[in-house]
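Worksheet for the structure shown next.
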Amino acid sequence: MAKDSATAQNRAALMTAEDIRRVFGSIDEAKVLAILALRPTMRDVEEASLWLAGDSDVFGAGQPVQALAGEIVGILTADEEEESRSAR
């Protein structure tokens with residue numbers, strides 16, 4: 001029972017820049033700072049990571065990512081959206 005409580009507390013703890021890089025790899029410093037400004041928890045970052053990986057079993061096929069995780073996805077995919085618009 002104590003292990004479950006510790007795991008829940010870890011997932012609710014606020015992320016650091018190092019934590020974000022550990023999950024998403026080498027990303028632009030401006031994106032790291034933008035994500036940190038949201039004050040995300042481990043759960044938020046994990047949900048964004050799963051959604052970006054296309055793991056539809058977690059959210060259900062075609063379901064959008066919600067809340068803070070969605071904002072993180074938006075930050076991480078902003079360049080892709082701009083490139084898509086420029087290619088038209």
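The values are calculated or read from the model by the stated rules, or taken from the named source; none is laboratory data. As the structure is a prediction and not an experimental result, all values here were calculated from the model. Please note: Cβ atoms are built from the backbone with ideal geometry, for glycine as well, and neighbour counts cover all protein chains shown.
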**Item:** Tabulated pairs, segment 15-28, first touching a residue at least 12 places away in the same chain (Cβ under 8 Å) and at negative phi, second exposed (fewer than 12 other Cβ atoms within 10 Å of the Cβ) and in a helix (DSSP H, G or I), C-beta under 9 angstrom, 6+ apart or interchain
**Value:** A17/E29
**Complete:** Checked pairs for segment 68-88, first of a type in the set (V, I, T), second at pLDDT 95 or above and part of a helix (DSSP H, G or I), C-beta under 7 Å and 6 or more apart or across chains, list as I72/I35; I75/K31; I75/A34; I75/I35
